[in-house]
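Single-structure report; data block below.
The values are calculated or read from the model by the stated rules, or taken from the named source; none is laboratory data. None of these values were measured; they are calculated from a predicted model. As a convention, Cβ positions derive from the backbone with ideal geometry for all residues, glycine included, and neighbour counts pool all protein chains shown.
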Amino acid sequence: MLIDVVLNPAEIALLSRRDLSGTTCVIFDVLRATSSMVTALAHGAAAIYPACTIEEAFELKKQLPDALLGGERHGDPIAGFDLGNSPFEYREAVAGKTIISTTTNGTIALRACEHADEVLAGALLNLDALVLEIQKQRPAKLLIVCAGTFGDFALEDACAAGWLVAALKEGELTDAAQAALAVTRLFPEPLPALQSAKNGRALLAKGRGKEVDWCAQLSIYTVVGRMKSGVIRPLPQ
Ligand code: MLT
């Protein structure tokens, strides 16, 4: 298995032209999009539709009138939406629900990989389950996509990529995968990494430190969210 990592979000726009056959993609937007999605699936959400824009989310809502609209812009809830992007909002009242989500970076990174053989929504919250799923799939190529923040590298996503590479304990690593692994030697524990990252500091400044603490938890859930035809659903456990 060749393991590569998209560390620079500028590469995400190029993924639509990249051959992702034989590839499993794992998308990390640890603060907070994919952490909130994994939380929602663990609390019984039936399906998540990642939308690239607010307009697309409202269009989807016309086709799925019972769905909840969730997401953020600039970290804040979107006018007319049911939910923001805090993982805490996805622990309640999501059981059996379909969620349409649009976020600044996470949902765009997910959609950019939709032509891959397999697409998994990754978080620290389900890291061990991701490892088991990748070991089950045994893809020729694993591409870990760090959603980043706007155009910027995000430390928390790079660390998550590195921890996943470390946990897999196998594979041929590209330079980017080696770099992600190297970052985890500076940050052996998730919480200090998330707290020192730009996104983490922004959340702390907004009084949302408990969300950072939440997203830094390792493997509290066994659920894996798999995207097929643009819809993320929990894999049977
Ligand atoms: C994103 O998709 O950019 C993030 O999840 C932003 C956020 O923390 O809400």
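At a glance:
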| read-out | value |
| --- | --- |
| Residue pairs meeting the criteria (Cβ under 6 Å; at least 6 apart or on separate chains; first of a type in the set (D, E), in the stretch 162-178; second surrounded by 15 or more Cβ atoms within 10 Å (Cβ to Cβ)) | E172/L2 |
| Selection within the stretch 35-81 - crowded, with 18+ Cβ neighbours inside 10 Å and among the charged types (D, E, K, R) | K61, E72 |
| Any hit, the stretch 185-192, residues being in a helix (DSSP H, G or I) and crowded, with 18+ Cβ neighbours inside 10 Å | yes |
| Subset of the stretch 193-237 [part of a helix (DSSP H, G or I) and of a type in the set (D, E, K, R)] | K198, R201, K210, E211, D213 |
| Within the stretch 117-160, tally of residues that are in a helix (DSSP H, G or I), within 16 Å of the ligand (Cβ to nearest atom) and either of a type in the set (V, I, T) or touching a strand residue (DSSP E or B) at 6+ places or on another chain (Cβ under 6 Å) (or both) | 3 |
| Test set (1) buried (at least 23 other Cβ atoms within 10 Å of the Cβ); (2) without any contact (Cβ under 8 Å) to a residue 60 or more places away in the chain - I144 fails condition number | (2) |
| Residue under evaluation L83, criteria (1) of a type outside the set (K, R); (2) touching a Gly at 6+ places or on another chain (Cβ under 6 Å); (3) away from the ligand (no atom under 15 Å from the Cβ), criterion not met | (3) |
| Unmet criterion (only one of (1) closer than 22 Å to I144 by Cα; (2) surrounded by fewer than 24 Cβ atoms within 10 Å (Cβ to Cβ)) for S101 | (2) |
| Conditions (1) within 15 Å of the ligand (Cβ to nearest atom); (2) at pLDDT 95 or above; (3) at positive phi; number of the one not met by A112 | (3) |
| Candidate set from the stretch 126-141 (those that are in contact (Cβ under 8 Å) with a residue 40 or more places away in the chain and within 15 Å of the chain's Cα centre (by Cα)); member that is farthest from V183 (Cα to Cα) | A129 |
| Leading residue by the ranking (nearest to A202 (Cα to Cα)) among those in the stretch 9-66 that are within 16 Å of the ligand (Cβ to nearest atom) and part of a loop (DSSP other than H, G, I, E, B) | L31 |
